[in-house]
Structure formats: structure tokens, C-alpha cells
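Peer 1: Got a structure for you, questions after.
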Amino acid sequence: MRILLVEDEARIASFVVKGLCADGHVVEHASTLDEAVNLAVSREFDLVLLDLLLPDGHGRDFLVRVRPSQPDLPVIVVSAVEDVEEKVELLDLGANDYMTKPFAFTELSARVRANLRQGQSSSRVLRAGDLELDTATRVVTRGNISVDLPSREFALLEYLMRHPGQVLTRSQILDAVWGFDFDPGSNVVDVYVGYLRRKLDVPGESSPIETMRGAGYRVRH
Ligand code: CA
């Protein structure tokens, strides 16, 4: 995931960048308010970590300037300011979460994960490789070709695409898509993955849904 880190203290910034990169994220760092706003409105990010006291202004102005054009971008405020009124004001301005400095990196990392999950579950269009699934219009496309899916197949693909690159076991899939506990005699998941592949696969290309032998299925990134 792409994360924008807004932080003017070099020592904290380098510690956070290292940790987030080790977690597998791509991080851009801004050390001033102007730089942060310019990056946020010109590039795509999945999440922002926002310091409040910046050399050229206050983090609150980041929210004021960026929120109108980026209503769904998760923003976690990370600040030494512990004032309750200030926290309330920032949450009212659209901050999604608030962490107090000093912090343990493990907590920051967990909050980043939680906020990314939330952002994903509310985001309308899911993408994985050249697959696109719009949860509102219920349109699925591969490349530029749209594919009609009955509701159960749509639900299965949506579940796989909410976890791109992650191996999901048959029992996880059954539970999420069919809502019943794993029945060892049932091959319904394999049957439905087969239906999806028939509609989504392109001759001569590998399927966007991979079989992980003995483990389950995953959709390619
Ligand atoms: Ca600061």
C-alpha cells in the first residue's frame, strides 16, 4: 500500500519509514504542510500519517485542504498533543484515527493495518491485476471486457478480490460466501471457482484465480 508520511522530525520520520517499508508498504515522506498537501492532491495514496506541528503550519489545515477532494483517504493523526478538544476537532475535520507520541511502532503498524482494512471494505471499486469489480454497480471487467456474474459468483470474486495475493482456504471462503461451516464432503468452492474461471480466463493466459495446492485459492495482484 502507498502511504504518505507527514512528519518534520527527521529521526521519527526515518524510524517510521523503515518500519513501514519492512511491513511491505511504499512510503513517501513530506516534512512540511505545503509539500504534504501537494503530494496528497497530485498522487494516489491509500493512507496518510499526519503530524500536527509542522514548520509551515498545522496538520488541521491538511485536513481542511485535502478532505474535499479526497473524502475516502484514511488519515491517522500522530501527535504529541494530548488535548481532548483538539482530538475532537480533528476527528470532526475528517481524521480517522489519533495516536499519541511517543508510540511503539507495533501499535502504529497495527493501526495502519486496521485503517487500511476499513478503507478497503468501504471502497467501491476493487482491483486485482486486470480485474475490476465495482461493488455498487456490480459490474465486473477483465481488461476492458465486462463479464456478467450471477450473485454467488459475484460474491465469491468480491471476497477473493478483497484479499488480493492472499491465500484463502476453502473453509474461509465457504464461511464468507456461503455462510456455513466447512463441510469436508462439499466441493462447492471448487465448482464455483470453475464457473468464474470459465468466464474470466483468457485463452493462452494464466487464470487470475490461482489454485494453491492443498491450501486454497488466491486472486493475483
Ligand atoms: Ca512536528
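The values are calculated or read from the model by the stated rules, or taken from the named source; none is laboratory data. Since the structure is predicted, the reported quantities are computational estimates derived from the model, not experimental observations. Cβ: placed from backbone, ideal geometry, glycine included. Neighbour counts: every protein chain shown. Heavy atoms of the whole protein, side chains included, go into the accessibility calculation; ligands, DNA and RNA do not. Shrake-Rupley method; radii C 1.70, N 1.55, O 1.52, S 1.80 Å.
Peer 1: Could you check, for the range 81-98, whether at least one of its residues is of a type in the set (Ser, Thr, Tyr) and modelled with pLDDT under 90?
Peer 2: no
Peer 1: What pairs come up if the first residue lies in the range 5-22 and is modelled with pLDDT under 95 and of a type in the set (A, V, I, L, M, F, W, C), the second is assigned to a helix (DSSP H, G or I) and within 14 Å of the ligand (Cβ to nearest atom), and their beta carbons are under 7 Å apart, counting only those six or more places apart or on different chains?
Peer 2: From residues that are modelled with pLDDT under 95 and of a type in the set (A, V, I, L, M, F, W, C), there are no pairs.
Peer 1: A further question on this structure: Within the range 156-178, can one find any residue that is on the phi > 0 side of the Ramachandran plot and at pLDDT below 95?
Peer 2: Yes, the range 156-178 contains a residue that is on the phi > 0 side of the Ramachandran plot and at pLDDT below 95.
Peer 1: Also: Can you pull out every residue in the range 144-165 that is touching a strand residue (DSSP E or B) at 6+ places or on another chain (Cβ under 9 Å) and exposed (fewer than 13 other Cβ atoms within 10 Å of the Cβ)?
Peer 2: SER146, ASP148, GLY165
Peer 1: What is the one condition in (1) free of Cβ contacts under 8 Å to residues at least 40 places away in the same chain; (2) closer than 15 Å to LEU4 by Cβ; (3) in contact with a strand residue (DSSP E or B) (Cβ under 7 Å, 6 or more places away or on another chain) that ALA95 does not satisfy?
Peer 2: Failed condition: (1).
Peer 1: Also: Taking the range 123-138 only, how many residues are within 18 Å of VAL177 (Cα to Cα) and either open to solvent by 70 Å² or more (accessible area, probe 1.4 Å) or assigned to a helix (DSSP H, G or I) (or both)?
Peer 2: Of the range 123-138, the ones within 18 Å of VAL177 (Cα to Cα) are 126, 133-136, 138.
Those still in the list that are either open to solvent by 70 Å² or more (accessible area, probe 1.4 Å) or assigned to a helix (DSSP H, G or I) (or both) too: 138.
The qualifying residues number 1.
Peer 1: I'd like to know if the range 5-13 contains one or more residues that are farther than 14 Å from LEU108 by Cβ and part of a helix (DSSP H, G or I).
Peer 2: yes
Peer 1: Now a separate question. Are there any pairs with C-beta distances below 6 angstrom linking a residue in the range 39-56 that is under 18 Å from ASP97 (Cα atoms) to a residue that is more than 10 Å from the ligand (Cβ to nearest atom) and in a loop (DSSP other than H, G, I, E, B), with the two at least 6 apart or on different chains, and if so which?
Peer 2: What qualifies is ASP46/MET1; LEU47/PRO74.
Peer 1: (1) in a helix (DSSP H, G or I); (2) open to solvent by 70 Å² or more (accessible area, probe 1.4 Å); (3) farther than 29 Å from GLY24 by Cα: which one isn't true of GLN172, the others all being true?
Peer 2: Against the list (1) in a helix (DSSP H, G or I); (2) open to solvent by 70 Å² or more (accessible area, probe 1.4 Å); (3) farther than 29 Å from GLY24 by Cα, GLN172 comes up short only on (3).
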